[in-house]
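Trainee: Pasting a structure here, questions to come.
The values are calculated or read from the model by the stated rules, or taken from the named source; none is laboratory data. These numbers were taken from a predicted model, which means no experiment stands behind them. Methodologically, a virtual Cβ is constructed for each residue, glycine included, from the backbone with ideal geometry; neighbour enumeration extends over all protein chains shown. Only protein heavy atoms, including side chains, enter the accessible area calculation; ligands, DNA and RNA are left aside. Shrake-Rupley method; radii C 1.70, N 1.55, O 1.52, S 1.80 Å.
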Amino acid sequence: MKEADRSKEYRDLRTGFWGVVRRELRHIRGYWRRYVMLVLILPLVSFALVWGLFYNQYPQELPVAVVDLDHSSLSRKLANMIDATSTMRVAWQPTDPAAAHELILSGKVYAAIIIPRQLERDLKRGLGGEVTGYYNAQMLMPGSIISSTLSSVVVTVSAGVNYDSRQRRGEMPEAAMAHLEPIRLERHVAFNPQLNYLYFLASALCPTFLQIFIIMTTVMTVGGELKDGTAREWLGRAGGSLWRAVMGKLLIYFLVFSALSMVMLAFIINAFGVPVHGSIIYMVAATILLVLAYQACGLIMVALNPSMRMALSASSFFSGAAFAFVGLTFPLGGMPALAKTWSNLLPLTHYLHVFLEQVIRGADVAASLYDMLMLCGFIALGLLLMPLLKRHLADKRYWGLP
């Protein structure tokens, strides 16, 4: 190789795309504890915390209080059936309703069930009876579960009493059963028949955590060039090309977060046991697009907020509250127009749509095409704002901003 060729190759390694990559590697080595924590340890810890939180797959043994004022065989049967459910555990049996009320206020129980006096006697006389349940609806999930389970238990006990009463009056078993339920509802759960919270809540929380780390890392690395006043040197290393500067800077983080997102996907499928009913290749592509979309969002934040402090604050607002608007905890169809609009402005919403369609529902890949295009749209928007970012990098007024 000629000396001129060697010199040109050496200059290419020091400048341009690979020059920026080498420069970023040196920067990471200088602050390796910070970056290892941000792009590796904290994301993995967040995945582990999600798995630990939803390990039981659905809430079990929620403590409740039962006040038995009847002390009959029927009231004892009702209390035993409540305790026998997988979701409730009779942890307290106070002697009066006031004590049960105090248990709810103190947070020791999620619900209090009051069995009235002379319940069994009134039922035998055909007068009917009423069991009262108080539950804490401020805690939406346990309150909803307890309300549903308690209703099922009371209906089952009531049906048994009615069935025995009709048989004693001489009705045939088939006729007595037909009178209990003249119109039957046959229910089939189309997706997630196990009512497993790992399938939708835990699987959604992992990418929710990941998107926070991606956008924050992007803002810190790109915005740090303005904060530290090194923007000119960064562009100079890229030969004056912002495209090479940005691509070279973000390449390392893209590779790390892409690998981490594949670990996340494997973790969801294997550790959470979520069955894959659709295209896993399409899901992998959507996961890669999620990483690129949030890196683009990080660039947008810096382009619109040259101050890294403001860019980080905007990114926190944008990514931190994202989970509330994706439509899993509150149905998207019931949201007002403003909330729906905000939901569509979140890459996480479109990624989770693809996840539900391809992993849980097994939909055709065409059903996910719109959300895939939306993820590409975020990437395109980040690229369109690159000239604005370059103007900030070249303007000395923005150098050294906090």
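Trainee: State whether one or more residues within region 202-212 are modelled with pLDDT of 90 or more, within 23 Å of Leu401 (Cβ to Cβ), assigned to a helix (DSSP H, G or I) and not aliphatic (A, V, I, L, M).
Mentor: No - not one qualifying residue is present in region 202-212.
Trainee: Of the residues that sit in region 108-144 and are touching a Pro at 6+ places or on another chain (Cβ under 8 Å) and modelled with pLDDT under 80, which one is nearest to Asp83 (Cα to Cα)?
Mentor: Pro142
Trainee: List the pairs whose first member sits in region 256-274 and is among the β-branched types (Val, Ile, Thr), whose second member is open to solvent by 40 Å² or more (accessible area, probe 1.4 Å) and not in a helix (DSSP H, G or I), and whose Cβ atoms are under 8 Å apart, counting only residues at least 6 apart or on separate chains?
Mentor: Ile269/Val276
Conditions tested, residue by residue: (1) in contact with a Leu (Cβ under 8 Å, 6 or more places away or on another chain); (2) part of a helix (DSSP H, G or I); (3) on the phi < 0 side of the Ramachandran plot; (4) open to solvent by 10 Å² or more (accessible area, probe 1.4 Å).
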site	(1), (2), (3), (4)
Ile215	no, yes, yes, no
Met220	yes, yes, yes, yes
Glu233	no, yes, yes, yes
Met247	no, yes, yes, yes
Ala259	no, yes, yes, yes
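Trainee: Under 7 Å between Cβ atoms, at least 6 apart or on separate chains: pull out the pairs that start in region 205-221 with a residue that is aromatic (Phe, Trp, Tyr) and end on any residue that is crowded, with 22+ Cβ neighbours inside 10 Å.
Mentor: Sorted first by the residue in region 205-221, then by its partner, the pairs are Phe209/Pro43; Phe213/Pro43.
Trainee: Among the helices (runs of 4 or more DSSP H) confined wholly to region 18-93, which include 2 or more residues that are open to solvent by 80 Å² or more (accessible area, probe 1.4 Å) and at pLDDT 85 or above?
Mentor: Of the helices (runs of 4 or more DSSP H) lying wholly inside region 18-93, those with at least 2 residues that are open to solvent by 80 Å² or more (accessible area, probe 1.4 Å) and at pLDDT 85 or above span 32-36, 73-84.
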